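The values are calculated or read from the model by the stated rules, or taken from the named source; none is laboratory data. Predicted model only: the values in this text are computed from it and were never measured. Cβ sites come from the backbone with ideal geometry, for glycine too, and all protein chains shown count toward neighbours.
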Amino acid sequence: MAELTPFSYRPGASVLHQQDVRFKLVFIAVISLAGMKAYFMSLSVLSFALFSAILIIHFPLKSILKELRYFFIFLIFVFAARALCTSGTPLIEFMGIDITREGMYDGILVCWRLLLIVLVGLLFVSTTRLSEIRAAVEWFLSPFPFIPGKRVATMMSLIIRFIPVIFEQAKETSDAQRARGVENRKNPVYRLMKLAVPLVRRTFESADKLAVAMEARCYTEKRVNIELYATRNDWIALFLVLCLCVLLSAIDMFGCLY
Amino acid sequence: MNILEIENISHRFSDGALGIDRINLTIREGEFVVIAGRNGSGKTTFLRHLNGLLLPDTGMVRIAGVPVSENIVRARQIVGMVFQDSDSQIVGETVYDDVAFGPENLCLDKSEVKRRVSEALRAVNLEAFADQRPYLLSGGEKRRLAVAGILAMKPRVIVFDEPFSNLDYPGTKQVLNQVLSLHNAGHTILVATHDLEKVIALADRLLIMEDGRVVMDGLPEDIIMKVEAFGVREPCASRLGMKIDSWLN
Ligand SMILES: Nc1ncnc2c1ncn2[C@@H]1O[C@H](COP(=O)(O)OP(=O)(O)OP(=O)(O)O)[C@@H](O)[C@H]1O
Ligand SMILES: [Mg+2]
């Protein structure tokens, strides 16, 4: 069920839970940007910072890593693709395929970056209530007169609300089809179609039901919203995060490419 | 006092099917009404007219004297609806957020929202779950969460559409207890079901629907023997000529 996605809010009272959402959104933006360009030295610094954050908020790291196992499979693919497709000095030669030194290096770098960015996102999502994210999105969109901020914010939070539902329905549908022997069909396109069509239909149906239920509870766009207020701690955290990012770029700039 | 006055309402769906057909009814404040009928007899369609989710093609519904079409928000606040599928009613990321959804839509004060949410959660015994994620609740707890979401809007009428579907025996009892205590607190209760056994002992009035019409309307003990002609199972005790005992005993 909802356990299927590790990306959901976990109640708590840590520093990160209390942080103003707008600041947290800025943090993920700058950290992700810095992380995308980082090399090994600065990646280690960033990893160290992130792990301290994880320890400070008593994040259940073990269970999270277990839930992220599909993501690790994805990372293995990314790594393999990089390792096999980058030209350079061959390290291992196997059945005519070269695994190059540059490819290995590149693969590790890319996977490390991706992993860190996913962890940052995970920290954000699991310490922030959906209603706060919505309020923050609204706040960031309010200076733009031509974007209906409230509507965008609602749409976004509903999409997030629907992710576990879609996962659950996908699992249920695929189990039901396996129970009726769909695995005997070897054609993956056939199987995908048989899974996708009912899944899309069911998702639309539950979206429709949700819309009716929201209407029955007087849904309007003009509603009470969470007040966002920044404290001194938020500004201090912003300062620290910016320092961290400057440090990261500095490390890379001054030639420590390894 | 009549809280609901339904005058000759009919509704035809866009594909031409007749959903409900000339229904006339009045429901007094504080009544406990059970609406029964086979699948597709129009129970859900009828109930959706009570809070303006559907509007009738002809006729009108008045809530405490005011037509629904005149003030739909008021209608939805007075008539709270608990749907058949509790999963698809959940809007919030946590139990607390979900219950707060309704009062927030009514643009109430922040402290008032908070007060109402904790009151509603207390009423359904879910206070301990305020920070829990709703998907992780059991079936009976989910349905009680749906009730709390409605209670936070302070309705006078509470409509339950198939409140016992997918519930086991303890879950059914939890929900039944909830319904009973809401009725005792003065709410008008409407329950649509095709399974009379579980609720009929609590009801003051029984309506039977067939093909979009109300075909029988009266005291449960007067009409319960005739319900099988309309695709509703007569409760066992009634078949055996005994008085129907509540499921709660
Ligand atoms: N949107 C729609 N468009 C066309 N026909 C519909 C629509 N919704 C319901 N109907 C039809 O209206 C009739 C009454 O449906 P309704 O859902 O009110 O029955 P019900 O008594 O609630 O049944 P159940 O016990 O299965 O919940 C059914 O024949 C159904 O097929
Ligand atoms: Mg129905």
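Results, tabulated for the structure shown:
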quantity: Boolean, B:Glu162 is within 14 Å of another protein chain (Cβ to nearest Cβ) and within 16 Å of ligand 1 (Cβ to nearest atom); calculated: yes
quantity: Residue within region A:23-38 that is over 24 Å from A:Glu132 (Cβ atoms) and of a type in the set (Lys, Arg) present; calculated: yes
quantity: Region A:51-67, subset touching a helix residue (DSSP H, G or I) at 6+ places or on another chain (Cβ under 8 Å) and touching a residue at least 24 places away in the same chain (Cβ under 8 Å), residue surrounded by the most Cβ atoms within 10 Å (Cβ to Cβ); calculated: A:Phe59
quantity: Residues (at pLDDT 85 or above and over 28 Å from A:Phe74 (Cβ atoms)) located in region A:118-143; calculated: A:Ala136, A:Trp139, A:Phe140, A:Leu141, A:Pro143
quantity: Whichever residue in region A:163-196 is surrounded by 10 or more Cβ atoms within 10 Å (Cβ to Cβ) and polar (S, T, N, Q) and, among such residues, is nearest to B:Ile90 (Cα to Cα); calculated: A:Gln169
quantity: Enumeration of residues in region B:127-138 that are buried (at least 19 other Cβ atoms within 10 Å of the Cβ) and part of a helix (DSSP H, G or I); calculated: B:Phe129, B:Pro134
quantity: Selection within region B:106-126 - in a loop (DSSP other than H, G, I, E, B), free of Cβ contacts under 8 Å to residues at least 40 places away in the same chain and either within 12 Å of chain A (Cβ to nearest Cβ) or on the phi < 0 side of the Ramachandran plot (or both); calculated: B:Cys107, B:Leu108, B:Asp109, B:Leu126
quantity: Checklist (1) within 15 Å of ligand 1 (Cβ to nearest atom); (2) free of Cβ contacts under 8 Å to residues at least 24 places away in the same chain; (3) among the small types (Gly, Ala, Ser) applied to B:Ala229, failing item; calculated: (1)
quantity: Selected residue [surrounded by 12 or more Cβ atoms within 10 Å (Cβ to Cβ), within 28 Å of the chain's Cα centre (by Cα) and within 24 Å of B:Gly80 (Cα to Cα)] from A:Glu205, A:Glu215, A:Glu221; calculated: A:Glu205
quantity: Test: residue in region A:117-131 that is touching an Asp or Glu at 6+ places or on another chain (Cβ under 6 Å), within 25 Å of A:Lys37 (Cα to Cα) and either small (Gly, Ala, Ser) or surrounded by 18 or more Cβ atoms within 10 Å (Cβ to Cβ) (or both); calculated: no
quantity: B:Ala192 being at negative phi and without any contact (Cβ under 8 Å) to a residue 60 or more places away in the chain; calculated: no
quantity: Tally of residues being crowded, with 18+ Cβ neighbours inside 10 Å and of a type outside the set (A, V, I, L, M, F, W, C) across region B:63-83; calculated: 3
quantity: Flag if A:Ile108 is surrounded by fewer than 18 Cβ atoms within 10 Å (Cβ to Cβ) and touching a residue at least 12 places away in the same chain (Cβ under 8 Å); calculated: yes
quantity: Which numbered condition B:Gly102 misses (of (1) within 16 Å of ligand 1 (Cβ to nearest atom); (2) surrounded by 23 or more Cβ atoms within 10 Å (Cβ to Cβ)); calculated: (1)
quantity: Spans of strands (runs of 3 or more DSSP E) in region B:1-105 with at least 1 residues more than 9 Å from chain A (Cβ to nearest Cβ), within 16 Å of ligand 2 (Cβ to nearest atom) and not basic (Lys, Arg); calculated: B:2-12, B:18-28, B:32-36, B:79-82
quantity: Those residues of region B:14-51 which are more than 6 Å from ligand 1 (Cβ to nearest atom), farther than 26 Å from B:Met1 by Cβ and not polar (S, T, N, Q), in sequence order; calculated: B:Gly16, B:Leu18, B:Asp21, B:Arg38
quantity: Given (1) at pLDDT 80 or above; (2) polar (S, T, N, Q); (3) closer than 30 Å to A:Met156 by Cβ, index of the condition A:Ser249 fails; calculated: (3)
quantity: Odd one out for A:Ala13, checked against (1) more than 14 Å from every other protein chain (Cβ to nearest Cβ); (2) within 17 Å of A:Ala237 (Cα to Cα); calculated: (1)
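This table checks each residue for (1) aliphatic (A, V, I, L, M); (2) within 11 Å of another protein chain (Cβ to nearest Cβ); (3) closer than 30 Å to B:Leu106 by Cα.
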| residue | (1), (2), (3) |
| --- | --- |
| A:Leu158 | yes, yes, yes |
| A:Glu183 | no, no, no |
| A:Val197 | yes, no, no |
| A:Ala211 | yes, yes, yes |
| A:Thr220 | no, yes, yes |
